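Contents: one structure, followed by commentary.
The values are calculated or read from the model by the stated rules, or taken from the named source; none is laboratory data. Everything numeric here is computed off the predicted structure, so don't read it as measured data. Note that we place each Cβ from the backbone using ideal geometry, even for glycine, and neighbour counts take in every protein chain shown. Accessible surface areas use protein heavy atoms only, side chains included; no ligands, DNA or RNA. Shrake-Rupley method; radii C 1.70, N 1.55, O 1.52, S 1.80 Å.
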Amino acid sequence: MAATAAERAVLVRRAGGAGRGGGRRARALTAGLSWQEEEFRWLLHDEVHAVLRQLQDILKEASLRFTLSCSGTGTEAPAKQENFILGSCSTDQVKGVLTLQGDALSQADVNLKMPRNNQLLHFAFREDKQWKLQQIQDARNHVSQAIYLLANRDESYQFRTGAEVLKLMDAVMLQLTRARNRLTTPATLTLPEIAASGLTRMFAPALPSDLLVNVYINLNKLCLTVYQLHALQPNSTKNFRPAGGAVLHSPGAMFEWGSQRLEVSHVHKVECVIPWLNDALVFFTVSLQLCQQLKDKISVFSSYWSYRPF
């Protein structure tokens, strides 16, 4: 039964002094609304925009991590160069320094000690070359798209249904998930794809024909893999089985390149931690949690917004 005017007056007095939630309950009772309806009005008109502001602030910080402005003002400027020393706890066959500038490798200086004869090979990027790291570029683009979606729903915009909020959160979460996945899930490549990559032509002196190099991001790490190869003789008794795609191929993996059949004899992987990539991944996680929390709050009131707007 609906409360009479007198009953509502009593309930309003009881609700008084109960803080922000009590104030909303009092207004609801005065207007003849249920407490849940008034709470949902507040959620839709106030809380949603507060969360959107928080999300924009976090994602703008994440976006700045990808630019690494050297202006010192927090505004975008040409990315600064950062040098990272490659290392591994399992091998000292490969040592080197990679120079990262935003989403590009601008320099690479690598030393490889050949296992068979301890010969030391040195190779570096040509001075006129840079190698774009597509994973970083894609992740930043997805963050920019998420910011764009949020900016299109500024303070002046009035959400009228919970479904509208859920649709926005789903779209933002899709972009953030894609951004995170680009950093946490390196591409699986076949050995012929690595051999055909332009990365092999970046070095001076040119890489020997029995070496392949691959560079990729895995979580907060920049990884360099060097594959040493040997040719399989035409009369080899080995059963030739071309390897499929993989992030990291193992010794014994085979492939065909040109007129030759080749096998991986040694694999050397070294890596370095990129601190700002770790920051970006944390920002993605926090933002996804905020989106999910808002979705959960909206869903609690689904019985009110599923059949009429507010």
Just to be sure before I move on: is ALA6 in a loop (DSSP other than H, G, I, E, B), farther than 30 Å from ARG153 by Cβ, out of contact with any Asp or Glu (no Cβ under 8 Å at 6 or more places or on another chain) and at pLDDT below 70 in the structure I sent? no
Exercise for review: Inspect all residues belonging to the stretch 246-253 and state whether any of them is within 23 Å of LEU105 (Cβ to Cβ), small (Gly, Ala, Ser) and within 27 Å of the chain's Cα centre (by Cα).
Suggested key: yes
Is there a residue in the stretch 227-239 that is assigned to a loop (DSSP other than H, G, I, E, B) and closer than 30 Å to LEU174 by Cβ? no
By my count, strands (runs of 3 or more DSSP E) wholly in the stretch 73-175 with at least 1 residues that are among the small types (Gly, Ala, Ser) and over 26 Å from PHE284 (Cβ atoms) are 94-101, 104-113, 120-125
Going through the stretch 72-86 in order, the residues found to be modelled with pLDDT of 65 or more and either among the basic types (Lys, Arg) or open to solvent by 50 Å² or more (accessible area, probe 1.4 Å) (or both) are LYS80, GLN81, ASN83, ILE85
Checked SER287, SER299 against criteria (among the hydroxyl-bearing types (Ser, Thr, Tyr) and surrounded by fewer than 20 Cβ atoms within 10 Å (Cβ to Cβ)); the one match is SER299
Scanning the stretch 183-200 for residues that are within 20 Å of the chain's Cα centre (by Cα) and in a loop (DSSP other than H, G, I, E, B) gives THR185, PRO186, ALA187, THR188
